[in-house]
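Everything below concerns the one structure shown next.
The values are calculated or read from the model by the stated rules, or taken from the named source; none is laboratory data. If you're wondering where the values come from, they're calculated on a predicted model, not measured in any experiment. No Cβ is skipped: glycine too gets one built from the backbone with ideal geometry, and neighbour counts run over all protein chains shown.
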Amino acid sequence: MESLPRKRKRLVIVTNNLYAFGGGEKFALDVATRLKNKLDVTVVNTVSKKDKTTVSKAMLAKMFDLSGVEVVEFPSAGIASRAFGTEPYTFRIPGPVSAARLLNLFGNADSIYQVSLNPFLLSYSVLLSKLMKKRFVLGVHNFSLAAAFGDSHKPAGGASARALAALLRQVKFFHVLNDRDLDLIRRRFPKATVKKIPNFVPMRARAVTNNSRKFICLYVGRLEKNQKGIDLLHGAMERTIANDKEVVFHVVGSGGDSEALIADAEKKHPKNVVWSRFLQGKKLEDAYRSASVLVFPSRYDTLSLVLLEAQSFGLPAIAFDIPGPRDIIQESFQGVRIKGLSPEALSTQIMRYHKMWRNGAKYALTKKKISGLVRKKYSAQKLLPELEQFLLG
């Protein structure tokens, strides 16, 4: 008698709004589309009208092959707050219909992986997982945890942190991306199991090239001051252009509170500032390929996919000495980590790299060395099986 084929395991991934398209949401889609041939994957997309969106549903469908991945939209009420640090944060409160659907999805799951630290959504997920005895893994993909418990960027503290801590004590499994969060979880929640598995490079390997005609400083990301440091980038741009008219800044990104700042810079310096807004796919790859150096002015971060993507194309990075860059830029040839938050220091390093770039042959070899290191260390082939094993137990 032939045995019946073994039923595939089911993974439910709970995200914030996919259309806001932050690092956690992008990572969730990368994981879902890569595991769909081995697992039944459902992505729970919590949508609030308060969210600022970057991509449409049609754009997502072009960017990711979601065939075979179930995407379930959960409308939720949004309440804007600054409870976890200085950056605006949207609390999501699922309605009764959404809660009932979540109950059904969790009931059919083998494991639940949540990449949102939203307290209300997290309360639902933790409670339902415990009631149904499901493996629940919380992925720490943004700044909220460190902001609540005392990182350098104006921690919330007080009642918000105490309430979040009480909730997180119910979580048995944490997935973190950097050493800061690994240490934080071990200190705050010693009974939990925590695993550090960094993001993998999502883009396929390409030949590394060196643009010998033009020195281009690339920025990719949301145009926001508080976290992303666009004001610091703007200051560095003004100082650099005043001293070195050959440097070109290519800004890729939209959303946030600093679009006007970049638009003004482009208008003021049409030969030195190019603003491409949101790019994906081949156009984004072309931006990485034609650039000479990545400028990463964030005040705080978790583990930047942009930084990994840029380094996979061989771009040395100029960044501040914060988690994320601190975890990735560990060899001197990968770039520089600047102590303090200074546009003057950013500009100084940009001009230093411009001088280095003039030695084209040496610069090309450095780019190949960076790409080789990052693609080996952060390959999906290496990290995805490790993550899958941790998620499913």
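Across region 125-142, which residue is farthest from Phe390 (Cα to Cα) among those that are surrounded by 22 or more Cβ atoms within 10 Å (Cβ to Cβ), at pLDDT below 95 and out of contact with any Asp or Glu (no Cβ under 7 Å at 6 or more places or on another chain)?
This residue is Asn142.
Which number in (1) part of a helix (DSSP H, G or I); (2) of a type in the set (A, V, I, L, M); (3) touching a residue at least 60 places away in the same chain (Cβ under 8 Å) marks the one condition that Val201 misses?
(1)
This table checks each residue for (1) aliphatic (A, V, I, L, M); (2) surrounded by 20 or more Cβ atoms within 10 Å (Cβ to Cβ).
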| residue | (1), (2) |
| --- | --- |
| Lys214 | no, no |
| Arg222 | no, yes |
| Gly229 | no, yes |
| Ala236 | yes, yes |
| Trp275 | no, no |
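Thr193 versus (1) farther than 19 Å from Ile322 by Cβ; (2) surrounded by 15 or more Cβ atoms within 10 Å (Cβ to Cβ); (3) at pLDDT 95 or above: which is the lone unmet condition?
(2)
Could we say that Leu105 is of a type in the set (A, V, I, L, M, F, W, C), at pLDDT below 95 and more than 26 Å from Lys50 (Cα to Cα) here?
Criteria not met by Leu105.
A quick yes/no check of all residues on (1) in the same structural domain as Glu246 (by TED's automatic domain parsing); (2) at pLDDT below 95; (3) under 23 Å from Lys225 (Cβ atoms); (4) of a type in the set (S, T, N, Q):
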{"residue": "Gly281", "(1), (2), (3), (4)": "yes, yes, no, no"}
{"residue": "Ser292", "(1), (2), (3), (4)": "yes, no, no, yes"}
{"residue": "Val295", "(1), (2), (3), (4)": "yes, no, yes, no"}
{"residue": "Leu307", "(1), (2), (3), (4)": "yes, no, yes, no"}
{"residue": "Ala310", "(1), (2), (3), (4)": "yes, no, yes, no"}
{"residue": "Ile350", "(1), (2), (3), (4)": "yes, no, yes, no"}
{"residue": "Gly360", "(1), (2), (3), (4)": "yes, yes, no, no"}
{"residue": "Glu388", "(1), (2), (3), (4)": "no, no, no, no"}
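For region 311-321: of the residues being under 16 Å from the mean Cα position of the chain (by Cα) and in contact (Cβ under 8 Å) with a residue 40 or more places away in the chain, which is surrounded by the fewest Cβ atoms within 10 Å (Cβ to Cβ)?
Here the answer is Ser312.
Output the residues belonging to region 243-290 that are on the phi > 0 side of the Ramachandran plot and either acidic (Asp, Glu) or assigned to a loop (DSSP other than H, G, I, E, B) (or both).
Passing the criteria: Gly253, Gly255, Gly256.
Can you tell me which of (1) at pLDDT below 95; (2) over 16 Å from Leu218 (Cα atoms); (3) buried (at least 17 other Cβ atoms within 10 Å of the Cβ) is the one Ser371 doesn't meet?
(1)
Test Ser298 against the stated conditions and say whether it is part of a helix (DSSP H, G or I) and not aliphatic (A, V, I, L, M).
no
Tally up the residues in region 36-64 that are in a loop (DSSP other than H, G, I, E, B) and within 18 Å of the chain's Cα centre (by Cα), please.
6
Pairs only if they're at least six apart or on different chains, beta carbon under 7 angstrom, first in region 153-172 and closer than 15 Å to Leu117 by Cα, second at pLDDT below 75 and assigned to a loop (DSSP other than H, G, I, E, B); list them, first residue then second.
Every condition considered, the pairs that remain are Ala156/Ala83; Ala156/Phe84; Ala156/Gly85; Ser160/Ala83; Ser160/Phe84.
Quick check: is even one residue across region 79-101 hydrophobic (A, V, I, L, M, F, W, C), modelled with pLDDT of 90 or more, not assigned by TED's automatic domain parsing to the domain that holds Leu303 and not in a strand (DSSP E or B)?
no
Tell me, which helices (runs of 4 or more DSSP H) lie completely within region 308-377 with 3 or more residues that are closer than 15 Å to Phe296 by Cβ?
So the answer is 325-328, 343-357.
For the structure I just gave you, tell me whether Leu308 is within 23 Å of Gly340 (Cβ to Cβ), of a type outside the set (Lys, Arg) and surrounded by fewer than 24 Cβ atoms within 10 Å (Cβ to Cβ).
No: the conditions fail for Leu308.
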